[in-house]
C-alpha cells in the first residue's frame, strides 16, 4: 500500500523544478507510505523536451525489505511502475509467470504486477484480484499508462492540460504541488452535494479541472505526441440469471468463494486487525478468518456509540465471545469530534456527507496505536448481497415487469413488517423507481434535508446549472426481472459504493493502515450477480438472504438473524448542539458564489419547523470549511 504521483510535460524547461514539485507531492502523502520514498525520470538529461516523472511513498506490507521499494523497473529497464494497492492473488499469478520463464528478486506483489504487465500488457488487468491504482512507463513505446481497479477501492486523481501535460496522484493533496494557478470550486459538484448529499459518482471532483479515474478505467499518455486517450473499461459484470444453478449450489459457492477471498486477503508480512461492527458483513469476515486460519491472531477493533439506539457493541461481543478474542473499543465523544474536525476534513480531501465517518477515523487511529498495518473491513457486503433495506423499489419493479402482481403484493407486505419499513414506504420506493426522473428530482427539492435557503438560482442559471440533481437509473441490459442486480452493479462500479470507499481509504491511510475489503472480489461478485433476485432479497423481505444462509454455522445465529440495520450512524444531536459554532465558521469563511450566506445563517437558526436539517447543515459547513482550509476560490 502506497501513495503514488507523477507528471508528464510535453515541453519541460525546468526539469529540476519538476523533480522538486514531485518531491513535495510525494511528501504530502507521507502518511500513505512512511517506510520509503523514491522517484524516477523519463526524458532528456537537462535542457527542454518531453519529460515524465513517477514517484511513490511506500507502506511496506509484503516483503518489507528494500527489494520491494518503488519505483520498480524490469531488468531490461523497459517498464517502470509505481503502484498503490494489494494484488490478493499475486502468488497464483507469480506461479503462472514463473512457469513461462519470469524471474523474481523479491517477495512483493509489486514485482508480480510489473512482470505481469511486461508479459501481458493491458491483458494483465483481467488476471488481477484485489485493489490497485498504478502507473507504468514503457520506454520502448514511450507511453505512460494509469489504471484503477474495477471497484475503485484505490484512488487516482489527475488533471490533463491538452497538448501540455498530465499530472496524477493518489490524493488531491498530492496533485496540488504539481499544478499551476489557483484552485477553483466546481459549482456543479458542489451544488449536487448540497442538494442531495451525492458525490464521488462522476469523474469530476470538487476542484474544477481535477478529475478522478473512474472504477476500472485506464488512461494512456503517448509521450512523444502528447496524445491522451481513455481506454475501454477492463471489467463489467453481467447480470443475467443462471437458471441451471440450484440454491444449494449458490449457498455453497458463496461460502467457498468468500472464504477463499478472506484467505487471500490475510497475506501480509505485517500485523493485521479486523474492523468489527457487529453487523453481518464484518462478523462474517472475523469468523471466516478463524475458519481458514485457526492460528491467525485475531485483533478485533470496534466502535461503541454512546447512544444505546445506535450501539452495536453487544453484537460485536457475541462474535468475540464465540471466537475467544478480545475486542478493542473506541468510543469518541462530541468534544473529540470538535477537536479532530479540521484534520478529518483535510484527511478526506473533499467534502463528505455525514459526521458518521468520524467513528471509522477513530477506529483506524486505534489500530495504528496498537501497531496494526493491515485491516480487514466489511465494506461492499451490502452492495454485493443487496443489504441496507433490501432495495424494495427495484425488487417490486422486477416482480411487476415479470407479471407477478401477487408476488409483489406479498413481498411489500412482508418487507413492510421489518423495523424501519412499512408497506406505503415500499410502494413509494417503487413509485420513485418508475416515475420520470425529472419528477423525482423536483419532488426531492422541497423535502427537508434537500431544500436550502439562500441558493441564488439566477447565478446558477448564468452558468448553465440548476439546483438539484437528476437521479440515475441502472441499466438492466434489456433483461426482465433483474432490477435489483442492475442497481447492485451500478452501486459497485459506478456510484454509491465509491464514496464509502473514499472514506475508508482516506481514514485508514491517514494512520498508515492498509484497509482490505474481501467482499469486493470479482469472482464472488460475478457469481452472486448470476442468482435469481429472490435469493438475494427473499419473499419475506430478508436482505442478504443468501449470505445469511452461507454463513450459518460460522457466524452466531443471533447476528445472522438480526432484523435491524445500523452501521455507523451520524450524530444529528451533535450538529444541533454545535449550530452556533458551525454558523460562526461559515460566517468567517470566504463566500461561495451561488449561495447567500446571510440567508443560510438565518435558516440555520430559524424556527425549528423551517430550520435547516442537521445533515444538510453539516454539508454546508463542511463545504465552507473545506474550501477555507484548502484556499479554494469559490466565486
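The values are calculated or read from the model by the stated rules, or taken from the named source; none is laboratory data. None of these values were measured; they are calculated from a predicted model. Neighbour counts are summed over all protein chains in view; Cβ atoms, including those assigned to glycine, are modelled from backbone coordinates with ideal geometry.
Against the conditions (1) assigned to a loop (DSSP other than H, G, I, E, B); (2) not assigned by TED's automatic domain parsing to the domain that holds residue 125, where does residue 202 fall short? Just the number, please.
(2)
Given 569, 608, which one is within 24 Å of residue 312 (Cα to Cα), modelled with pLDDT under 95 and part of a loop (DSSP other than H, G, I, E, B)?
It is 569.
Within segment 418-438, which residues are in contact (Cβ under 8 Å) with a residue 24 or more places away in the chain and exposed (fewer than 13 other Cβ atoms within 10 Å of the Cβ)?
Within segment 418-438, 419, 420, 438 meet the criteria.
Can you find a residue in segment 222-229 that is in contact with a strand residue (DSSP E or B) (Cβ under 9 Å, 6 or more places away or on another chain), assigned by TED's automatic domain parsing to the domain that holds residue 62 and under 30 Å from residue 600 (Cβ atoms)?
no
Tell me which residues, restricted to segment 232-290, are under 20 Å from the mean Cα position of the chain (by Cα), within 23 Å of residue 148 (Cα to Cα) and assigned to a loop (DSSP other than H, G, I, E, B).
Those that are under 20 Å from the mean Cα position of the chain (by Cα), within 23 Å of residue 148 (Cα to Cα) and assigned to a loop (DSSP other than H, G, I, E, B): 233, 234, 235, 236, 237.
When you go through 546, 528, 537 one by one, which is the residue that is buried (at least 22 other Cβ atoms within 10 Å of the Cβ), within 27 Å of residue 323 (Cα to Cα) and outside the structural domain of residue 193 (by TED's automatic domain parsing)?
Being buried (at least 22 other Cβ atoms within 10 Å of the Cβ), within 27 Å of residue 323 (Cα to Cα) and outside the structural domain of residue 193 (by TED's automatic domain parsing) holds for just one of 546, 528, 537, which is 546.
Yes or no, residue by residue, for (1) touching a helix residue (DSSP H, G or I) at 6+ places or on another chain (Cβ under 6 Å); (2) assigned to a loop (DSSP other than H, G, I, E, B); (3) under 30 Å from residue 530 (Cα atoms); (4) modelled with pLDDT under 85:
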residue: 547; (1), (2), (3), (4): yes, no, yes, no
residue: 559; (1), (2), (3), (4): yes, no, yes, no
residue: 563; (1), (2), (3), (4): no, yes, yes, yes
residue: 582; (1), (2), (3), (4): yes, no, no, no
residue: 601; (1), (2), (3), (4): yes, no, no, no
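For every residue, the table says whether it meets (1) without any contact (Cβ under 8 Å) to a residue 12 or more places away in the chain; (2) surrounded by fewer than 17 Cβ atoms within 10 Å (Cβ to Cβ); (3) in contact with a strand residue (DSSP E or B) (Cβ under 9 Å, 6 or more places away or on another chain).
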site	(1), (2), (3)
293	no, yes, no
302	no, no, yes
305	no, no, no
312	no, no, yes
315	no, no, no
319	no, no, yes
326	no, yes, yes
329	no, yes, yes
333	no, yes, no
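Mind listing just one residue for me: the one in segment 181-191 that is in contact with a strand residue (DSSP E or B) (Cβ under 9 Å, 6 or more places away or on another chain) and either assigned to a loop (DSSP other than H, G, I, E, B) or in the same structural domain as residue 344 (by TED's automatic domain parsing) (or both) and, of those, farthest from residue 461 (Cα to Cα)?
My answer is 182.
For segment 475-485, enumerate the residues that are surrounded by fewer than 22 Cβ atoms within 10 Å (Cβ to Cβ) and touching a residue at least 12 places away in the same chain (Cβ under 8 Å).
Passing the criteria: 475, 476, 477, 479, 480, 481.
Matching residues to (1) over 26 Å from the mean Cα position of the chain (by Cα); (2) more than 26 Å from residue 210 (Cβ to Cβ); (3) surrounded by 24 or more Cβ atoms within 10 Å (Cβ to Cβ); (4) not assigned by TED's automatic domain parsing to the domain that holds residue 225:
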site: 82; (1), (2), (3), (4): no, no, yes, no
site: 87; (1), (2), (3), (4): no, yes, yes, no
site: 93; (1), (2), (3), (4): no, yes, no, no
site: 105; (1), (2), (3), (4): yes, yes, no, no
site: 110; (1), (2), (3), (4): no, yes, yes, no
site: 139; (1), (2), (3), (4): yes, yes, no, no
site: 154; (1), (2), (3), (4): no, no, yes, no
site: 170; (1), (2), (3), (4): no, no, yes, no
site: 173; (1), (2), (3), (4): no, no, no, no
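Considering only segment 442-476, state which residues are under 25 Å from the mean Cα position of the chain (by Cα) and either modelled with pLDDT of 80 or more or over 20 Å from residue 592 (Cα atoms) (or both). It would help to see each step written out before you state the result.
Pass one, segment 442-476, residues under 25 Å from the mean Cα position of the chain (by Cα): 449-450, 468-476.
Of everything in segment 442-476, those that are under 25 Å from the mean Cα position of the chain (by Cα) and either modelled with pLDDT of 80 or more or over 20 Å from residue 592 (Cα atoms) (or both) turn out to be 470, 471, 472, 473, 474, 475, 476.
Run residue 256 past the list (1) in contact with a helix residue (DSSP H, G or I) (Cβ under 7 Å, 6 or more places away or on another chain); (2) within 30 Å of residue 532 (Cα to Cα) and report the number of the one that doesn't hold.
Residue 256 satisfies every listed condition except (1).
Would you be able to say whether some residue in segment 376-389 is crowded, with 21+ Cβ neighbours inside 10 Å and in contact with a strand residue (DSSP E or B) (Cβ under 6 Å, 6 or more places away or on another chain)?
Filtering segment 376-389 for residues crowded, with 21+ Cβ neighbours inside 10 Å gives 376-387.
If we keep only those that are in contact with a strand residue (DSSP E or B) (Cβ under 6 Å, 6 or more places away or on another chain) too, we end up with 376-377.
Yes, the conditions are met somewhere in segment 376-389.
Take the conditions over 30 Å from residue 594 (Cα atoms) and modelled with pLDDT of 95 or more and apply them to residue 136. Does it pass?
The answer is yes for residue 136.
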